[in-house]
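Beneath this line is the structure, given in structure tokens, with notes to follow.
The values are calculated or read from the model by the stated rules, or taken from the named source; none is laboratory data. Just so you know, these numbers come straight off a predicted model, no measurement behind them. Methodologically, a virtual Cβ is constructed for each residue, glycine included, from the backbone with ideal geometry; neighbour enumeration extends over all protein chains shown.
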Amino acid sequence: MKLAHPFLDQTVPINELKIPVLVIENPSFFSEICFDLRNQCNGNEGDSVLSENLEILSFSKKVDMIVDYTILDINNGKVIKGLYENIEKLSNGEEWYIKTQKFKVELNNFLENLFYGIDFPLNHDYDFDLSKILKAVECKFDIDQKTFTEKLIDYFSITRDFCGVKLFVLVNLKSYINEKELLDIYEYVFYNKIALLLIENQDRKRFSDVEEVIVIDQDLCEF
């Protein structure tokens with residue numbers, strides 16, 4: 001993959017070899033890039049272009065952008081929707097189909113017997129989707145006991161697997177974690193082939209063996 005913008009002299013390469021780090025020291029251009037990417041992630045038009053093998057990729061479908069790490073939500077609506085669809089598909093597969101149908105019959109029988117205690121006639125959906133049960137019992141990912149770095153790593157894998165995200169754009173990540181945590185994240189994404197793009201507003205410590213750094217300074221000079 002590669003990211004292009006009219007004001008960038010070169011495209012930003014996004015591959016499995018190194019983590020691209022785009023350092024934008026000019027505040028106006030930094031905010032312009034961030035707003036442009038966010039708008040496109042929200043389904044609006046913008047100037048940035050993300051492509052892979054000459055195919056233009058949709059930001060709203062293939063990119064997840066994280067700006068505020070204090071409200072990172074692994075159990076957001078998009079992820080939960082993907083999770084429930086995955087479980088629904090699993091329940092209708094060869095291994096679980098008969099068990100799923102048996103469960104539905106037993107639940108329907110339970111409800112019919114329970115309804116006898118009500119003085120008025122009741123009805124319900126007999127051929128219900130399993131997703132309704134999952135929602136009722138609040139099925140979600142359990143991350144309460146994990147560290148911030150562990151939650152972030154889980155977020156990458158879960159969002160990729162259940163939402164089809166191909167690229168994570170991380171704004172000022174280096175302000176939130178220490179050197180060891182950053183390298184742990186790099187190690188994980190390299191091993192699991194997860195694509196990251198870091199956007200930083202200042203040139204913090206570099207790791208030249210694993211990072212590809214592009215700097216746009218205060219005068220919009222690029223190097």
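For LYS81, the conditions (1) modelled with pLDDT of 95 or more; (2) within 26 Å of ASN172 (Cβ to Cβ); (3) within 15 Å of the chain's Cα centre (by Cα); (4) surrounded by 13 or more Cβ atoms within 10 Å (Cβ to Cβ) all hold with the exception of (2). Residues that are part of a strand (DSSP E or B), touching a helix residue (DSSP H, G or I) at 6+ places or on another chain (Cβ under 7 Å) and surrounded by 20 or more Cβ atoms within 10 Å (Cβ to Cβ) within the stretch 165-200 comprise LEU167, PHE168, VAL169, VAL171, LEU198, ILE199, GLU200, listed in sequence order. Being in contact with a strand residue (DSSP E or B) (Cβ under 9 Å, 6 or more places away or on another chain) and more than 24 Å from PHE190 (Cα to Cα) is a condition met by no residue of the stretch 15-22. Quick one: is ILE33 surrounded by 16 or more Cβ atoms within 10 Å (Cβ to Cβ), within 19 Å of the chain's Cα centre (by Cα) and modelled with pLDDT of 95 or more? No, not satisfied.
Scanning the stretch 113-143 for residues that are assigned to a helix (DSSP H, G or I) and among the hydroxyl-bearing types (Ser, Thr, Tyr) yields a count of 1.
Within the stretch 182-211, the set of residues being among the charged types (D, E, K, R) and under 19 Å from the mean Cα position of the chain (by Cα) comprises ASP184, GLU187, LYS193. Evaluated against (1) more than 24 Å from LYS62 (Cα to Cα); (2) surrounded by 11 or more Cβ atoms within 10 Å (Cβ to Cβ); (3) under 19 Å from the mean Cα position of the chain (by Cα), ASP144 falls short on exactly one condition, (2).
Taking the stated definitions as given, is ARG206 part of a helix (DSSP H, G or I) and within 28 Å of GLN10 (Cβ to Cβ)? Considered against the rule, which asks whether it is part of a helix (DSSP H, G or I) and within 28 Å of GLN10 (Cβ to Cβ), ARG206 comes out as no. Scanning the stretch 53-106 for residues that are free of Cβ contacts under 8 Å to residues at least 60 places away in the same chain, out of contact with any strand residue (DSSP E or B) (no Cβ under 9 Å at 6 or more places or on another chain) and of a type in the set (S, T, N, Q) turns up ASN53, SER60, THR70, ASN76, SER91, ASN92, THR100, GLN101. The C-beta contact set for the stretch 36-47 (first residue within 13 Å of LYS62 (Cα to Cα) and at pLDDT 95 or above, second residue of a type in the set (A, V, I, L, M) and assigned to a loop (DSSP other than H, G, I, E, B), distance under 8 angstrom, 6+ apart or interchain) comprises ARG38/VAL67.
Answer yes if at least one residue in the stretch 125-140 is surrounded by fewer than 16 Cβ atoms within 10 Å (Cβ to Cβ) and in contact with an Asp or Glu (Cβ under 7 Å, 6 or more places away or on another chain), and no otherwise. Within the stretch 125-140 (the criterion being surrounded by fewer than 16 Cβ atoms within 10 Å (Cβ to Cβ) and in contact with an Asp or Glu (Cβ under 7 Å, 6 or more places away or on another chain)), the answer is yes, since at least one residue qualifies.
The strands (runs of 3 or more DSSP E) falling completely within the stretch 1-92 that include 1 or more residues that are touching an Asp or Glu at 6+ places or on another chain (Cβ under 9 Å) map to 2-4, 19-24.
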